1. What does the accessible area per residue of the range 49-116 come to in Å², with a 1.4 Å probe and no ligands, DNA or RNA counted?
2. Roughly what would the spin-label model give for N79 and R15, points 7 Å off Cα along C-beta, in nm?
3. According to a simple spin-label model (label point 7 Å from Cα along Cα-to-Cβ), what is the distance in nm between S110 and T8?
4. Any lysines with Cα under 25 Å of the K50 Cα? List them, leaving off those in the same chain fewer than 8 positions away.
5. Extension gain A58-E44, at 0.36 nm per residue separation less the Cα-Cα distance, in nm?
6. Using a cut-off of 12 Å between alpha-carbon atoms, which aspartates and glutamates can reach K89, once sequence neighbours fewer than 8 places away in the same chain are excluded?
Amino acid sequence: MADETTVTFDSGAYRQLNVFVDSKDVEVREKFLKASSGIRLDPELGNRVKVGNPSWVAVQNFNNSLKELGTSGEQMNRNFAKDWHTFSKALVKAQRVFEETDDLASYEASKFNAEFPEFGTGGSGSGTPPATA
């Protein structure tokens, strides 16, 4: 019976992770960044949603808010897609760690971080945690 307290993460499991992350990279680009005919979170959101009389100030304010929301949402989607793609590429690059070990779970974390700094906590490959508001 295997020791259930031991975690292993071999090259096969790592390749499975790479395939999963890469498939989600494609999915993110297809679902959130590709042009579509439906309502999207982009700067045109305020022009696509029709509520009330457009000459009413409240409706104008609402549409302006939708435009701001759409602009912000689109930028967040682009940033997320960029970070996910960067992470996907970093996973492929880090595959070479298995030239030194058969089990990533037994590999020293500080050594991994030194060799592959793009796995920093900031999402931009900086190794710096993101700023909080």
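The values are calculated or read from the model by the stated rules, or taken from the named source; none is laboratory data. Given the structure is predicted, the values throughout are model-derived calculations rather than measurements. Here Cβ is always computed from backbone atoms with ideal geometry, including for glycine, and neighbour counts include all displayed protein chains. Ligands, DNA and RNA are excluded from the accessible area calculation, which covers all protein heavy atoms including side chains. Shrake-Rupley method; radii C 1.70, N 1.55, O 1.52, S 1.80 Å.
1. Values: 4620 Å² over 68 residues.
With all protein chains present, the range 49-116 gives 68 Å² per residue.
2. Once both label points are built, they end up 3.7 nm from each other.
3. 2.8
4. By straight Cα distance, K50 reaches K31, K34, K67.
5. 3.2 nm
6. D22, D25, E118
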